[in-house]
Each structure stands twice: as C-alpha cells, then as structure tokens.
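Worksheet for the structure shown next.
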Amino acid sequence: MVLDVGVVADNDSIEASLVRKGLYGIDEHEMLRGFEAAMLASRPDPKWVNASAISSDDVAGKITDDSQIIMGMEPRELATAAVDESADAFWHGDSRFCHTRAAMHRLANGDSNNSSKENGENTSFAKTIKAAISESPEAVARAVSEHIARRMSSILMIPFDNFELGGVASIASYGLDSMIGAEMRTWLFKEFGLDYPFQQLLAATLTFRKLSDAVIDKMGLLDAAR
C-alpha cells in the first residue's frame with residue numbers, strides 16, 4: 001500500500017486493516033523506484049527456459065525470482081496474521097505470490113508461537129467460561145464481553161481498559177466502521193458460530209452486553225448451567 005497518495009492516504013481505517021493483515025506501507029518515491037527496478041531488470045537467462053534437464057518447477061521458480069518484485073509484504077508479519085486473515089486475503093490464491101506463501105509456510109513450520117498462542121487463548125477462554133458458568137449468568141456475560149472487547153482492542157488498536165463493558169456506549173462508538181465491522185462479523189462467526197446481521201453490528205444501540213447476550217444464546221452457555 002502507498003501511504004502518501006491514493007485511497008489509503010485518505011482513509012486511516014483501510015491502512016489499519018491492511019497493517020493487521022501483515023502488509024506495510026511504502027511512499028510514492030519507493031513505489032516509483034520499484035517500478036524503475038522492475039523495468040530495468042534483465043530478462044531470465046535463456047538457459048533456464050530451454051534446458052531440458054531442469055524441472056519445470058525450477059524453471060518457473062527461477063523465472064519468477066528474476067522477473068518479479070514484491071513490495072509492502074513481509075513474510076514473517078504475514079505468517080503472524082495468517083491465523084485469522086490469510087485464508088481470506090485476495091492475493092493468497094494468486095500464483096504470482098507462490099514464493100511469498102512458501103516463505104510464510106517455512107516460518108509457520110519453524111515457529112509454533114502463533115498456533116501455540118491461539119491455542120492458549122482458546123484454552124484460556126474455555127476455562128474462563130467454565131468457571132463463569134459455575135458462578136452466575138452475570139459472570140458468563142462479563143466473560144464473553146471481555147473476550148469480545150479484547151478482540152476489538154486488537155482490531156482497533158485501542159487499549160482494552162478503554163472499553164466500557166457494562167455501560168450504554170455502543171460498540172460502533174469506538175470506531176467500528178463498515179470495513180472493520182465486516183472483519184469483526186467474520187470473527188464472531190468463526191469464534192462463536194454467530195452470524196450477526198451487519199447493520200445491527202453497527203447500530204448505535206448495540207452494547208457489549210447485548211452482543212454478549214446474543215453469543216450466550218447462540219452457544220447455549222446458560223443451558224449448560226441448568
């Protein structure tokens with residue numbers, strides 16, 4: 001993404017969303033230098049194209065290595081974001097990014113921190129809910145609200161303590177626009193199986209408590225306590 005001109009320069013929420021997906025910004029000068037480098041790059045050595053003893057995969061890889069420049073994508077950050085984002089990334093199925101995907105795969109296989117962190121968070125939340133169910137319905141609502149707020153804290157880059165979980169402030173009032181709302185809606189479905197209407201998610205009347213009640217009803221959490 002180009003930071004100083006174009007749509008990203010005019011919309012901070014788009015930049016924030018792309019950063020969460022592992023992309024980083026370049027300025028107009030860097031972009032033009034990238035164009036220059038791409039246009040001045042020499043074509044692949046003919047021996048790679050014509051050599052019959054070399055596999056087609058090696059030929060394709062060599063040609064791609066010699067002819068392609070990718071800017072604004074850092075494999076380690078992309079691998080970190082892959083838990084939630086890469087399956088939905090528009091570029092992920094494009095063969096031109098095969099080397100980027102391969103680098104992400106190597107990083108993911110060599111570093112289990114991402115999966116361990118995700119599994120740890122899921123286990124922690126499950127334990128919290130189990131303890132809350134044995135305590136009271138109010139404790140369950142509070143636990144779900146906190147889990148949702150922590151996700152919003154990550155998405156919006158707002159400190160968790162800034163969220164008023166028991167008040168009348170709407171979720172949208174914290175900066176949940178249409179783009180980030182779509183991301184949040186996807187997470188609610190993946191995390192809880194809750195297909196929450198988009199317009200209701202952005203409504204001025206939707207508080208953390210109301211959304212947590214919808215999650216509790218969907219998952220039947222209070223039924224488990226009866």
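Here are a few things to note about the model shown:
- Nearest-20 debye value, segment 150-209 charge dipole, Cβ charges on Lys, Arg, Asp, Glu: 100
- Other residues within the sphere of radius under 13 Å centred on the Cβ of Ala141, judged by their own Cβ, net out at -2 (K and R +1, D and E -1).
- Applying Stokes-Einstein at 10 °C and 1.306 mPa s to the Kirkwood radius of segment 114-225, computed over alpha-carbon pairs, gives a translational diffusion coefficient of 111 µm² s⁻¹.
- 9 Å beta-carbon shell around Gly166, net charge (K/R +1, D/E -1): +1
- Difference of contour (0.36 nm per residue) and Cα-Cα distance, Ala9 to Tyr24: 4.1 nm
- Modelled FRET efficiency - R0 30 Å, Ser95 with Asn162, Cβ distances, 0.05 increments: 0.10
- Cα centre as origin, Lys/Arg/Asp/Glu Cβ charges: segment 114-225 dipole, Debye: 120
Read-outs throughout are calculated quantities, based only on the coordinates presented, and are distinct from any laboratory measurement. What you see is a predicted model, and the numbers here were worked out from it, not measured in a lab. Cβ: placed from backbone, ideal geometry, glycine included. Neighbour counts: every protein chain shown.
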